[in-house]
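One structure is given below, encoded as structure tokens.
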Amino acid sequence: MTMTSQILIFCGQRPQASVGAVRLSRRRECLSQTPTNAGGLLFGTFRSATSGISGRGLQTSRDSGSSELYPQTAGGTAAKLKLFLSLIKRRTTITASVGGRLIKSVAVAGLAVLVLGVNTARAQTLNIYTGRHYPADQMLYDLFQSQTGITVNALEGKTGALLERLRLEGDESPADLFITVDAGNLWRARNLDLLAPVVSDVLDARIPPHLRSPENLWFGFATRSRIAFYNPRVLAAPPRRWSDLALPEYREQICARSSSNIYNLSLLASFIERDGEDAAARWAQGVVANFARPPAGGDTDQLRAAAEGICGVAIANHYYYARLLASESAADNDVAAALVPLWLGEEGDGVHANISGGALLRSAKNREEAVAFLEFLASDRAQEIFAEANNEYPVVAGVALSPVLDVLGLHRTEEVNVSVYGRNQALAQRIYDRAGWQ
Ligand SMILES: [Fe+2]
């Protein structure tokens with residue numbers, strides 16, 4: 001019979017869950033922003049031990065003040081566990097049970113480690129690193145787990161920190177899937193050689209070709225449109241196309257976030273692809289000349305500024321506006337009510353649309369589970385959840401929109417392969433820098 005060891009590390013005053021009761025997907029995830037903080041330390045310790053016990057898995061939680069480490073190890077032995085435990089920092093409480101027998105407990109100051117041996121076949125598990133942080137994602141994990149019995153461990157973090165972590169972890173990473181927003185981020189993962197191709201008839205059939213990697217390295221599951229919003233109390237004549245934002249008549253009327261933001265990089269990358277570098281540079285220069293204030297804050301901040309009359313036009317992704325529209329806060333509703341969405345590009349090549357996407361990692365140990373999850377994300381119900389819970393547009397034709405998306409309507413989007421947003425990303429940043437877009 002195969003021996004499976006499970007290791008939980010709890011940070012905090014008391015453990016928040018027992019092995020049998022733990023439902024990883026129920027737990028809100030928080031990834032350390034860098035590999036050097038508490039979460040990274042625990043993870044690093046475990047990685048060092050993997051040569052001995054080849055475990056994998058990590059979950060941290062700021063909500064509960066706990067951190068947990070879950071290796072699904074085949075053939076774990078007391079010797080291997082000793083090796084692992086010897087690498088744990090001194091200020092750690094360790095309780096170990098192998099094959100159902102409790103073997104050790106050590107004093108604890110803030111950390112407790114519980115090692116359990118269970119005589120069962122290897123549980124099906126899926127480990128996700130995700131740069132997304134939406135309630136919709138937890139709904140997706142829960143539904144997938146209930147449909148398949150595959151336990152989902154999802155680790156949230158900022159995309160840049162996750163990519164750096166994956167790079168450092170290399171083949172020893174416990175992660176099977178990488179999920180993030182913006183094709184530009186998926187491009188970065190591809191360039192770090194972190195991704196493995198997936199050949200799937202399901203994904204090929206359901207995801208439009210321009211929303212997935214030409215190399216089958218990543219797949220888009222929802223789209224987000226980057227558009228403009230204008231305040232009719234400030235501007236009598238709204239811009240009709242992106243190029244209008246660079247016209248002198250909109251002097252001191254534009255609000256936008258920083259140029260290093262991936263959404264803005266991808267937006268300009270699409271202009272570079274369509275109009276060429278020179279035209280894109282002229283546009284950036286014209287918009288900078290029309291700024292109402294230096295770039296600061298996120299998309300929602302730009303919307304609020306436009307609603308307040310600080311500027312007449314704000315650049316933002318559609319779902320930030322949808323969020324304000326659907327908010328239970330009357331103040332948020334007022335911001336949305338003050339603005340009118342401008343689906344720039346719809347009369348030309350189409351509205352600029354980026355993706356939320358997922359990719360199989362080269363480090364994946366649970367490949368079948370990972371591909372099953374990617375295919376699940378393309379299912380009708382998962383697509384509805386993207387729309388209902390996060391107001392992103394489904395990529396599968398015919399899937400119902402959320403009530404808010406129904407209000408915003410379906411808009412024709414550009415059909416350039418979104419991989420160009422990554423390919424032109426560095427040039428876009430150089431153009432922004434030359435234009436003085438902070
Ligand atoms: Fe966003």
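The values are calculated or read from the model by the stated rules, or taken from the named source; none is laboratory data. All values reported here derive from a predicted model rather than from experimental measurement. Cβ sites come from the backbone with ideal geometry, for glycine too, and all protein chains shown count toward neighbours.
The test for being under 19 Å from Asn317 (Cα atoms) and either free of Cβ contacts under 8 Å to residues at least 60 places away in the same chain or buried (at least 21 other Cβ atoms within 10 Å of the Cβ) (or both) holds for Gly422. Sort out which residues of the range 319-331 are of a type outside the set (S, T, N, Q) and either more than 16 Å from the ligand (Cβ to nearest atom) or not in a helix (DSSP H, G or I) (or both), and write them in order of number. Glu328, Ala330, Ala331 - these are the residues of the range 319-331 that are of a type outside the set (S, T, N, Q) and either more than 16 Å from the ligand (Cβ to nearest atom) or not in a helix (DSSP H, G or I) (or both).
Residue pairs whose Cβ atoms lie under 7 Å apart, sitting 6 or more positions apart in sequence or on different chains, and linking a residue in the range 143-168 that is within 15 Å of Leu195 (Cα to Cα) to a partner that is assigned to a helix (DSSP H, G or I) and modelled with pLDDT of 95 or more, are Thr159/Asn185; Leu163/Arg188; Leu163/Ala189.
Each residue in the range 353-372 was checked for being in a loop (DSSP other than H, G, I, E, B) and either modelled with pLDDT under 95 or closer than 7 Å to Asp176 by Cα (or both), and 4 of them qualify.
Please tell me if Asp142 is out of contact with any Pro (no Cβ under 9 Å at 6 or more places or on another chain) and crowded, with 18+ Cβ neighbours inside 10 Å. Spelling it out, it is not the case that Asp142 is out of contact with any Pro (no Cβ under 9 Å at 6 or more places or on another chain) and crowded, with 18+ Cβ neighbours inside 10 Å. Checked against the criteria, Ala316 counts as outside any helix (DSSP H, G or I) and not acidic (Asp, Glu). Pairs meeting the criteria (first residue in the range 198-212 and under 17 Å from Gln383 (Cα atoms), second residue aromatic (Phe, Trp, Tyr) and assigned to a strand (DSSP E or B), beta carbons under 7 Å, at least 6 apart or on different chains) are Leu203/Phe219; Ile207/Phe219; Arg212/Phe219.
For Gly298, are the conditions met, namely being of a type in the set (Gly, Ala, Ser) and within 16 Å of the ligand (Cβ to nearest atom)? It would help to see each step written out before you state the result.
Values: of a type in the set (Gly, Ala, Ser): yes; within 16 Å of the ligand (Cβ to nearest atom): yes.
Criteria met by Gly298.
For the range 121-140, give me the residue count where each residue is in a helix (DSSP H, G or I) and touching a Phe, Trp or Tyr at 6+ places or on another chain (Cβ under 9 Å). Residues in the range 121-140 being in a helix (DSSP H, G or I) and touching a Phe, Trp or Tyr at 6+ places or on another chain (Cβ under 9 Å): 2 in total.
The residue list Gly309, Gly348 contains one member that is of a type outside the set (D, E, K, R), surrounded by fewer than 19 Cβ atoms within 10 Å (Cβ to Cβ), modelled with pLDDT under 95 and more than 16 Å from the ligand (Cβ to nearest atom), which is Gly348.
The rows are residues; the columns are (1) among the basic types (Lys, Arg); (2) over 24 Å from Glu369 (Cβ atoms); (3) within 16 Å of the ligand (Cβ to nearest atom).
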| site | (1), (2), (3) |
| --- | --- |
| Ala154 | no, no, no |
| Leu186 | no, no, yes |
| Leu192 | no, no, no |
| Val198 | no, no, no |
| Ser213 | no, no, no |
| Asn216 | no, no, no |
| Pro232 | no, yes, no |
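For the range 402-421, the set of residues classified as part of a helix (DSSP H, G or I) and either more than 19 Å from Arg257 (Cα to Cα) or modelled with pLDDT under 95 (or both) consists of Pro403, Val404, Leu405, Asp406, Val407, Leu408, Ser419, Val420, listed by residue number.
Reported count of residues in the range 182-225, each being part of a strand (DSSP E or B), among the charged types (D, E, K, R) and closer than 12 Å to Ser419 by Cα, is 1.
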